[in-house]
There are 2 protein chains.
Amino acid sequence: MSTSIATTSYEPFTEETAIAYIEKLNQKLGLFPAPSLLICKEIGDGNLNYVFHLSDSLSGQSLIIKQALPYAKVVGESWPLTLRRAKIEAEALQKAAETVPSLVPNVIHTDDDLAITVMEDLSDYTILRKGLIDGETYPNLGRHIGTYLAKTIFHSSPFGENQQEIKEISVRFTNPELCKITEDLVFTDPFFDHDTNDFEDHLKDTVNELWKNEELKLEAAKLKYIFLTKSEALIHGDLHTGSVFVTAEETKVIDPEFAFYGPAGFDLGLFIANILLNTISKTAIDEQQHSDLYQTIIETVEVFKEEYKKLWQNHHVEAFIQTEGYVDYMLGTIFEDAVGFAGCELIRRIIGLAHVADIDNISDCQKRLYAQQNALQLGSTFIIKRRNIRTIDQLIQETKDVLK
Amino acid sequence: MSTSIATTSYEPFTEETAIAYIEKLNQKLGLFPAPSLLICKEIGDGNLNYVFHLSDSLSGQSLIIKQALPYAKVVGESWPLTLRRAKIEAEALQKAAETVPSLVPNVIHTDDDLAITVMEDLSDYTILRKGLIDGETYPNLGRHIGTYLAKTIFHSSPFGENQQEIKEISVRFTNPELCKITEDLVFTDPFFDHDTNDFEDHLKDTVNELWKNEELKLEAAKLKYIFLTKSEALIHGDLHTGSVFVTAEETKVIDPEFAFYGPAGFDLGLFIANILLNTISKTAIDEQQHSDLYQTIIETVEVFKEEYKKLWQNHHVEAFIQTEGYVDYMLGTIFEDAVGFAGCELIRRIIGLAHVADIDNISDCQKRLYAQQNALQLGSTFIIKRRNIRTIDQLIQETKDVLK
């Protein structure tokens, strides 16, 4: 499926060269009905990629070209990044489409040389983070994400796929550079006085206390080690609310460029943490909003467990699968790791380089400080107490205790 | 370093073609002083490889060619095996030589096409299993193996090497076929009524009981999962007493064809189990022999921990390395896993396909049955109680309790 249309090697597209490329591709694949009249707009707001929206003025049809840039924009050209991540992202989308086709965008074409993926246009969708900030509710979201997680994780784990196939797949998804970003920005720098950190002055004392908390640091160290060494499943690797597109009914998980064989609880943890960051941002505004967000988290975890158990009962790759207590042990371990990862995400979004708009956009300084401190306290609680937080109800209760 | 001298692709050597190959290589590398008169003998007793001993009758100098066969001899040609394992073995030896050069044979030359490694001749050495069966003692063995384990594990772990380098190395050592052998023969088949199993009739009742022990099976399942998913360090992967060459003073770890990025406690567990299988075979013979063997195990673990801690204190790859309690946590986890893996190894050497001469060679049927039952009981104890066996003294005490 991946072929090069260009005769030259990598070059960043302009809106004009993007049109020229798609016109050539159109002749080959018949993407638009003839005749067509293409217009193009770069709509990316990310810091690692261009996103071109191409539409045919005659038929009204459209598609997206995502092109990886050879550096991270957020820190200028000084942070070079492999273009290979475009291939990883496209292959991760295709892999997810094998098990959850309705929950990812459709990949139309890839070109490794240009580091591009041509895919379904989801312009009718909203980025979940924006929707949540705007106070929208998504009654299907928990069910969709729970299903996405169960199916992608189970089918790529040693319970859904044989070890030999897994080893070959994990080589294809070896992703050291992107893993390094997570290793540093999620699991390391926020726990030390590091120059990538970025937090407000009014948090200085709180952050200094956190850096001196040896118990917290030991547990964070263990979670970092799990991230580095536990190769359980092909995970998304960056499943925050900016990686999810939604409409009132539909959900699409996008941007899996951080995909690699990693801990099965990582995506769940990041997703929970980002819903909670939105919850925290709404402290003392509207009880119904809190309750809806908690419900999304509860449904995500419950559907995840249900679907995972269904898959477990119907698959027979693993001889021990019928062993009493095994599936509950696995789900318990995944949840424990997820709680810890959620804790790290809550902390790094306040102290570290990459923040979330949910919190940063709180204009009232006192309210923002309060939300930031709540996020830090909840993060520390999750990290330290994760072995005692065995159920989603306990997690919600811990959250309520911190936010009350 | 790896080049092809042959113009054709893979073909198994005969003693004659082995000489011709080395004569050609000699012209290039000057292995033997001119003139030379080479003689060759195939001395392999393994089931996966040829081992050719080549010596120069004039100078008395000698070397070894190890050539991988494309199938496992033990089950005929029906179990095909990748020749790539020769490359993995040679590269694992070279990797180990970076940190423990005196504890591995020197690699002189490799040829991927022919799947051969030309290496230092260790004909003066004895296979450790044979030495132990003959009642020899090796006062340096524990110190050597403890050092070997600490250095190979630490330097290839995220504490001794950065994550990005580790990901690249682990791709080179992706070893699905050989891992599959361990997955099946160590962690799966012995716990089920599987046709690869091979145990004596007089064990039938004991084995049937073991297969019905759901607690044991759940813990074995967890250990299998650790083997499949915990990518902590570049491990040997098959460190039984047949993979160690010894003299009265020296120790060389050989045959790392099962090498891959796996759990850091695996090699330690296999080594302990195989020393214990020899101990078990000597029940009621000689208390001093038992005590010497226990001492070897104690020294292995103590030196491993000491050396690991020294490396930990002197390396700074990991930001959390100074965090209070972290090194003890890591060593505790490695030991816990090792105890569990030792348990699996004890069981599979009695029930599974591949036995050990230490036990099989006991000619008295009653004594053999007793030893076999002891091995099964000790193995089950290790697997089930591994979280409570926190020190090497506790492990020895558990062993004494079973053997008394």
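The values are calculated or read from the model by the stated rules, or taken from the named source; none is laboratory data. Quick caveat, the model's predicted, so the values are computed rather than measured. Cβ coordinates were reconstructed from backbone atoms using ideal geometry, including for glycine residues, and neighbour counts include every protein chain displayed.
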- Every pair of residues 6+ apart whose Cβ atoms lie under 8 Å, when the first sits in segment A:1-21 and is within 19 Å of A:C40 (Cβ to Cβ) and modelled with pLDDT of 85 or more while the second is among the charged types (D, E, K, R) and loosely packed, with under 13 Cβ neighbours inside 10 Å: A:E15/A:K41; A:T17/A:E11
- Does segment A:182-192 contain any residue that is within 23 Å of A:I359 (Cα to Cα), surrounded by fewer than 17 Cβ atoms within 10 Å (Cβ to Cβ) and within 14 Å of chain B (Cβ to nearest Cβ)? yes
- Which of the residues belonging to segment B:105-139 are in contact with a helix residue (DSSP H, G or I) (Cβ under 9 Å, 6 or more places away or on another chain), assigned to a loop (DSSP other than H, G, I, E, B) and among the polar types (S, T, N, Q)? B:N106, B:T137
- Message: Given the options A:L218, A:L234, A:L223, name the one that is out of contact with any Gly (no Cβ under 7 Å at 6 or more places or on another chain) and either away from chain B (no Cβ under 14 Å) or not polar (S, T, N, Q) (or both).
- Response: A:L234
- Message: Looking only at segment B:211-220, how many residues end up being part of a helix (DSSP H, G or I), of a type outside the set (D, E, K, R) and in contact (Cβ under 8 Å) with a residue 24 or more places away in the chain?
- Response: 2
- Item | Residue count for segment B:193-214, restricted to those that are within 9 Å of chain A (Cβ to nearest Cβ) and either crowded, with 18+ Cβ neighbours inside 10 Å or modelled with pLDDT under 95 (or both) | 0
- Message: For segment B:234-247: of the residues being more than 8 Å from the chain's Cα centre (by Cα) and more than 17 Å from B:E89 (Cβ to Cβ), which is surrounded by the most Cβ atoms within 10 Å (Cβ to Cβ)?
- Response: B:V246
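Residue-wise test of (1) in the same structural domain as A:A90 (by TED's automatic domain parsing); (2) modelled with pLDDT of 95 or more; (3) more than 18 Å from the chain's Cα centre (by Cα); (4) farther than 30 Å from B:Y326 by Cα.
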position: A:K217; (1), (2), (3), (4): no, yes, yes, no
position: A:A264; (1), (2), (3), (4): no, yes, no, no
position: A:L268; (1), (2), (3), (4): no, yes, no, no
position: A:Q288; (1), (2), (3), (4): no, no, yes, yes
position: A:Q295; (1), (2), (3), (4): no, yes, yes, yes
position: A:N314; (1), (2), (3), (4): no, no, yes, yes
- Leading residue by the ranking (surrounded by the most Cβ atoms within 10 Å (Cβ to Cβ)) among those in segment B:305-328 that are out of contact with any Lys or Arg (no Cβ under 8 Å at 6 or more places or on another chain) and of a type in the set (A, V, I, L, M): B:A319
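For (1) away from every other protein chain (no Cβ under 14 Å); (2) in a helix (DSSP H, G or I); (3) under 20 Å from B:R143 (Cα atoms), each residue gets a yes or a no:
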position: B:I275; (1), (2), (3): yes, yes, yes
position: B:I280; (1), (2), (3): yes, yes, no
position: B:Q289; (1), (2), (3): yes, yes, yes
position: B:Y294; (1), (2), (3): yes, yes, yes
position: B:I297; (1), (2), (3): yes, yes, yes
position: B:V301; (1), (2), (3): yes, yes, yes
position: B:Y308; (1), (2), (3): yes, yes, yes
position: B:L311; (1), (2), (3): yes, yes, yes
position: B:I321; (1), (2), (3): no, yes, no
- Residues within segment B:166-210 that are assigned to a loop (DSSP other than H, G, I, E, B) and in contact (Cβ under 8 Å) with a residue 24 or more places away in the chain, tallied: 11
- Hey, any hits in segment B:130-145 for a residue that's within 14 Å of chain A (Cβ to nearest Cβ), more than 25 Å from B:A90 (Cβ to Cβ) and among the hydroxyl-bearing types (S, T, Y)? no
- B:F258 within 14 Å of chain A (Cβ to nearest Cβ) and part of a helix (DSSP H, G or I): no
- Looking at (1) without any contact (Cβ under 8 Å) to a residue 40 or more places away in the chain; (2) within 14 Å of chain B (Cβ to nearest Cβ), can you tell me which one A:N162 breaks? (1)
- Item | Search result, residues across segment A:140-158 that are assigned to a loop (DSSP other than H, G, I, E, B) and either within 22 Å of B:L178 (Cβ to Cβ) or in contact with a Gly (Cβ under 8 Å, 6 or more places away or on another chain) (or both) | A:S157, A:P158
- Message: Can you say whether B:S363 is surrounded by fewer than 23 Cβ atoms within 10 Å (Cβ to Cβ), away from chain A (no Cβ under 14 Å) and over 15 Å from B:L132 (Cβ atoms), as far as the supplied structure shows?
- Response: yes
- Note on the structure: Every listed condition ((1) within 14 Å of another protein chain (Cβ to nearest Cβ); (2) over 30 Å from B:H194 (Cα atoms)) holds for A:V339 save (1)
